[in-house]
1. Would you confirm, using the coordinates I've provided, whether Thr302 is in a helix (DSSP H, G or I), out of contact with any Cys (no Cβ under 6 Å at 6 or more places or on another chain) and either surrounded by fewer than 19 Cβ atoms within 10 Å (Cβ to Cβ) or not small (Gly, Ala, Ser) (or both)?
2. Quick one: would you say Ile394 is more than 30 Å from Thr252 (Cβ to Cβ), among the aliphatic types (A, V, I, L, M) and open to solvent by 10 Å² or more (accessible area, probe 1.4 Å)?
3. Being touching a Ser or Thr at 6+ places or on another chain (Cβ under 8 Å) and open to solvent by 80 Å² or more (accessible area, probe 1.4 Å) is the filter here; which residues of the range 115-142 pass it?
4. Give the residues of the range 305-347 that are of a type in the set (A, V, I, L, M, F, W, C) and open to solvent by 20 Å² or more (accessible area, probe 1.4 Å), sorted by residue number.
5. Tell me, yes or no, whether the range 10-30 has at least one residue that is crowded, with 17+ Cβ neighbours inside 10 Å, modelled with pLDDT of 85 or more and within 31 Å of the chain's Cα centre (by Cα).
6. Find the residue count for the range 337-365, including only residues that are outside any helix (DSSP H, G or I) and under 28 Å from Ser68 (Cα atoms).
7. Quickly run through the range 366-386 and pick out the residues that are in a loop (DSSP other than H, G, I, E, B) and open to solvent by less than 40 Å² (accessible area, probe 1.4 Å).
8. Between residues in the range 104-127 that are at pLDDT below 95 and residues that are among the small types (Gly, Ala, Ser) and in a helix (DSSP H, G or I), which pairs lie under 6 Å by C-beta distance while being six or more apart or on different chains?
Amino acid sequence: MKLNKILLTASLLLGGLCASAQEEVTEYVFQPYWFGQAQFGAQETLGEGGFDILAGPNAQLAGGYQFSPVFGLRLSVNSWRSRATSKIAYTDFVTGKSEENRYKWKWTYIAPSVDAMFNMTNLLGGYNPNRLVDVNLFAGIGLNVAWNNKQANAVNEQFKASFPNYSDVQGAHPDMINQNMLGYVWDGTHTRLTGRFGFDVNFNVTEQLQVGLEANANFLNDHYNSKKAGNADWYFNALVGVKYAFGPKYETRTRVIEEAPCEPQIIEKVVEKIVEVPVQVEEKKQESTVFRRDVFYKINKTVITPGEMTKVEAVANYLKEHPNSHVTITGYADKGTGTKALNLRLAAKRAEAVAQALRTKYGIPASRMTVKSMGSLEDQPYPDPVQNRVAICIAE
């Protein structure tokens with residue numbers, strides 16, 4: 001009788017301990033926010049000269065709104081000076097002497113642009129505001145308002161004075177004409193449509209403040225640098241600066257979850273019966289037709305922890321004890337983090353991790369397994385998103 005009481009007490013204690021196995025998980029929930037940027041750097045205008053000739057200062061101010069962990073919009077205003085150069089070689093037919101002159105000019109512009117921003121770090125790795133570095137790609141469209149092109153007009157007049165006859169010019173662009181030696185020289189103020197694309201790399205200093213590097217390429221029509229070349233004109237900017245977020249970027253919440261949901265346990269009450277004649281009772285084993293174990297993972301992880309590996313071992317033992325059984329391993333990912341495509345790949349890796357452990361560690365043939373990935377596309381198996389980072393194994 002004492003032994004029966006001890007066994008009953010131990011069963012109750014084990015059931016209580018299993019139910020109390022909990023884990024506190026801190027989750028970061030993205031909050032949309034406004035931001036501002038101030039940047040300074042250098043510009044290189046594409047042309048017939050090197051960096052030492054065509055480089056100049058550049059500055060940019062921007063403000064925007066981050067709608068989601070991945071997507072944001074900003075209005076940027078880029079400005080300062082652009083530069084151009086042309087080198088003309090000619091021969092004096094009287095003396096036979098060849099000469100080469102280089103001409104340089106610069107002008108002022110301001111270029112507002114609307115840019116679509118894509119946070120590639122969050123897109124590929126899931127949202128985590130504690131990362132040190134964020135990498136963004138962006139593309140935009142805007143206007144370039146240019147003025148103060150007096151130097152180009154002065155150079156054009158020098159050309160016309162130096163080469164009154166186009167036939168005297170050796171190496172000049174074939175589209176030059178006597179009245180306009182540069183081809184597309186302009187004066188006054190001109191507004192042109194411009195497109196841009198680029199990337200930036202931002203380093204977190206505080207929760208609100210980042211310092212970063214940006215590189216962008218800008219293209220517009222052939223008239224921009226006053227020279228007729230038959231292709232788009234380009235300028236490239238390299239900038240360093242700061243980015244500040246106004247308001248909170250995220251909020252935190254703590255979930256208390258079952259680290260590993262316990263398997264249902266049936267505790268039978270032991271009733272002691274005194275009989276005069278011992279009766280031998282043959283214990284009848286009822287074989288279960290379905291065996292299930294759920295292998296849980298940490299956020300964005302596909303490695304099976306030692307605690308969860310015991311469940312994989314239980315699946316392997318069941319398959320060995322039932323040679324005709326087959327196991328289906330289905331991977332899941334929670335809907336709260338990542339994209340559908342990313343979650344589908346993540347869930348597939350979780351299911352494959354279980355299958356690989358069964359094959360390599362426990363010797364279960366691949367022919368006895370079916371591996372599937374549901375990602376976050378279908379209804380989730382658990383109401384708690386944290387528990388949906390799981391590979392469910394069903395053997396029958």
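The values are calculated or read from the model by the stated rules, or taken from the named source; none is laboratory data. Everything numeric in this text was worked out from a predicted model, so none of it was measured. Quick reminder, even Gly has a Cβ in these numbers, built from the backbone with ideal geometry, and neighbours come from all protein chains shown. Calculation scope for accessible area: heavy atoms of the full protein, side chains included, ligands and nucleic acids excluded. Shrake-Rupley method; radii C 1.70, N 1.55, O 1.52, S 1.80 Å.
1. no
2. So Ile394 passes the test.
3. Ile141
4. Taking the range 305-347 and keeping what is of a type in the set (A, V, I, L, M, F, W, C), we get 309, 312, 314-316, 319, 327, 329, 333, 341-342, 344, 346-347.
Within the range 305-347, Met309, Ala314, Ala341, Leu342, Leu344, Leu346 qualify.
5. yes
6. So the count comes out to 3.
7. Ser376, Asp384
8. Trp105/Ala152
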